[in-house]
1. Could you tally the net charge around residue A:37, taking each other residue with its Cβ under 10 Å from the Cβ of residue A:37, Lys/Arg +1 and Asp/Glu -1?
2. Any idea what % of Cα-Cα pairs in chain B are farther than 28 Å?
3. Express the relative contact order of segment A:263-395 as a whole percentage, based on alpha carbon pairs under 8 Å and six or more residues apart in sequence.
4. Whenever you get a sec, line up A:202, A:120 from highest to lowest accessible area (probe 1.4 Å, protein heavy atoms).
5. Using a 1.4 angstrom probe and counting only protein chains, how large is the accessible area of residue A:201 in Å², to 10?
6. With heavy atoms of protein chains only and a 1.4 Å probe, what residues of segment B:115-141 have at least 20 Å² less accessible area in the full set of chains than alone?
7. Between Rg and the Kirkwood Rh of segment A:82-219, both from Cα atoms, what is the Rg to Rh ratio?
8. Roughly what % antiparallel, to the nearest 5, for the DSSP beta bridges in the protein assembly as shown?
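The values are calculated or read from the model by the stated rules, or taken from the named source; none is laboratory data. None of the values given here were measured: they were computed from a predicted structure. A quick note on method: Cβ atoms are made from the backbone with ideal geometry, for glycine too, and the neighbour counts reach across all protein chains shown. SASA here: full protein model, heavy atoms, side chains in, ligands and nucleic acids out. Shrake-Rupley method; radii C 1.70, N 1.55, O 1.52, S 1.80 Å.
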Amino acid sequence: MDLRAKLTILADAAKYDASCSSSGSRRKGDRNGLGNSEGIGICHSYTPDGRCVSLLKILFTNHCIYDCQYCINRVSSDTPRARFVPSEVVALTLDFYRRNYIEGLFLSSGVIRSADYTMEQMAEVARSLREDHGFRGYIHLKAVPGASPELIERAGLHADRLSANLELPTQPDLDRLAPDKQIVTVEQTMRHIHARREQAEEERRGSQRAPTFVPAGQTTQLIVGATASPDAAYLAAADRLYKNHGLRRVYYSAYSPIPRPDARLPAKSPPLWREHRLYQADWLMRHYGFSASELTTPDAPDLPLDHDPKLAWALRHRALFPLDLNTAAREALLRVPGLGVHSVDRILAARRVRPLRVDDLARLGASVRKVRPFVTALGPNPEAHTLDRVDLQARLVPARQLDLFAAPTPRVVTPDPAASRLLVPVPDALPGALPTAGPALGRLT
Amino acid sequence: MTQVVTVDGLPSFRAAARDLAARGVRPEDLIFRDAAAAQAFLPGLDGSAPAAPHAAGTSRAPDAPRAPDAPRAPDAPRVPRRFLDMAEHVACHRDPARWAHLYRVLYRLLHGEPRLLDDPADPDIRRLAQLDQQVRKDMHRMQAFVRFTRVETPDGERYLAWHRPDHRIAARVAPFFADRFGSMRWSILTPDEGVHWDGDTLRFGPGAPRAEHDVPADAELLDLWRAYYAAMFDPARVNLRKMRADMPLRYHATLPELRNVHDLVRDSSQRTQIMIAKHAAPAPTASDALPAQRTLPALRKAAASCRGCDLYRCATQVVFGEGPEDAQVMLVGEQPGDHEDLEGRPFVGPAGKLLDDALAAVGLDRGTLYVTNAVKHFKFERRGTRRLHARPTQPEIRACSTWLRAEVDVLHPRMILCLGASAAQSFQGPSFRLTASRGEVFDDTPWAPWWMATYHPSALLRMPDKDARAAATEAFHADLRKLAQDLGRR
């Protein structure tokens, strides 16, 4: 099989992994080598589905011994199979990189023979890029759950990021669709990476020459809509992973109908709105001080689709509003619908100079229509009286026919990914690979 | 009294503005004229420009392109560092009013409003921030959208690119490329200027109004890149608005991967519909037959109606596990054989006899153990009147693992001993290798605190080589001894 045919099969098979971020790692250029990493990844192109092309995202092979029903590469699928040799992946990465097509490599793989054998192949690609070719661009490797600590060690010394995919939020979900996959095995791998990273950071506090280990951290992915689990289960799983294993990101991937799917799965367009709301809720947990349990209720374990989770929370807690823009604490302002992290920080800066009026909100980058009912400021704000109206939600949520299968356009809580990517110099505080930039479903491993 | 100031770059603006602001000249009394607007401005060639952003010829990279500051008077006005950072970007903007904006903010900073920059709602600050952002975004896009083509020249390979930025940013972005592609020799041309890197030094020269189409292209790599781009895209999620927001149309001409994008999009909805239409009616799974009540008798009864795989079609009956509900040890075999299929009980044939003897030899009573199989139906091939054992496939093992897990959940065994690779794989997945892990005790597994895999008795019976059989039988007995010992210890 020629290289082009392999690339087509193995890129097609890799596209269901949502992660495309190349952020979080810094590496200066080197006259003898190739490339650098500047902390904030660059999207070099965008596909017609609006997703960013930042890395050469391919599978090493799509042969697989597992039979995860949501995955196009499962053993029982009749998809065409291909396999690279390590030198081909190395050459493709370098050639694409030299032409400024990509930031680096995201290598994943179906599991062949065993977790260890597969991990060893991927680690060899990373080693060759770094040691044989002085490659200083970004490398993201898939950590095969259950791979031995020695191989994770080898991979982690060369990779900027490792990710072990959980794919489904609960063990019963996995038992149904991915019977070979155990949450404990995946989390064991995550735990190991986390511990090893902390050790490396400790060593680097002692000496800057100490080797890094997965400097851009680890991530994982959850597939949305392939099983009946409600959003609360996804948020609980994400919360656990952030707290226990120090994950940098959890990616949510709307289940996409894949060619030759398994009959156990729902046949419909991917639930993009639901994916979008989960990203918003995830953002609220990581940057807005919300806990997972605040975002859904036992009676409504799913996030509302027609308005964002922060507005939903505020409508349930109207007694806490209105807030005074000129005196409220940062944590409280972050909970006002329509105020993002940037607007809040601008409000805090601006109000030290002079007292703010409601009219100032627009100039501070906030959504005035949405914020108005929840705040007071210098001067009158007639909208503050609407806070207790029964129809407040209807007044705030545009009465349009919500096409649940149309792709959402990012608005309100989550800032525009492309713009904030440029403005926030904090790696991974950016919605780099955010909602609509985020792709479809899941893969193996 | 209105005064006209001609500016041809940030250093000359800084020199002039510092002086004007110190003298208290008000912004409304000044008109800033852009030298670049008056004459064809070719940075690096125009040696007469006293303070061009990168005066004539060369500058050492990659720490270019800021020119050294003019000597600073001891009483020179102090402005916040942030303002200078913004000014560096704003100076590259094409807006002719940029110098006036900069001066107005500078004047206000120095005349009674030192904290002006902290008020993002101020109209002047807002406008300046917009210009700053537009330039930074443009720089970021240049880093993203420059596409090099490799060409062979008499003195080695070179990488060439043409890019049209919105603002005059090529010199500011050049150090990024010098750092990233330090070992390559490359040139980036823009309509305003050209940037060249020879592996050591950045040089600036004239630009080119448009891309040269007669550059012999890097055909093979372009083809691979286009193939990659087409394969990356998920037809179920087309969102052209998002694509164009991040990658405006004006860049498309120089992005080789976009050449066939219309074909990709045209076929996408059709491809999605085909995918959805291919969907068949749901196939039954083993979990469809699981009873609401989880007890061993209920499971045994429900298993008879399982349609999770096709083995039920040929087998006589389900052979479910048996043993006391309070058993501490669970033995798991592969699947029932000929005898078991007819009798409906596990391990009653020749293999069962061997197992019973081996258990007795280490002092274990089979009646105290729970004995079951990974696959609960007999799978066979007919040879005349005989039914020969056939190995279950992974999907069959997997389908039946639902029942095995249910048995484990009811029993909560303290120890699980798997007999054979199929049984072990039912727990550990298809990557489990009996040859590598036989006899190894796995502690604190999700299924039991003690878990081990050993040979299946039938495998011992079938081994043709006498020595191998003796060794395997010895190992089998050793594993059972280990089981008995550890059971006694707990």
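1. Values: positive: A:26, A:27, A:28, A:136, B:180; negative: A:38, A:103, A:160.
Once positives and negatives cancel, what remains is +2.
2. Pairs farther apart than 28 Å: 69 percent.
3. For segment A:263-395, the relative contact order is 20 percent.
4. Values: A:202 105, A:120 75 Å².
Largest to smallest exposure gives the sequence A:202, A:120.
5. That residue has around 90 Å² of solvent-accessible surface.
6. Flagged in segment B:115-141: B:115, B:118, B:119, B:120, B:121, B:126, B:133, B:136, B:137, B:140.
7. Details: Rg = 15.7 Å, Rh = 15.8 Å.
My calculation puts Rg/Rh at 0.99.
8. Numbers: 29 of 76 bridges.
Beta bridges within the protein assembly as shown, antiparallel portion: roughly 40 percent.
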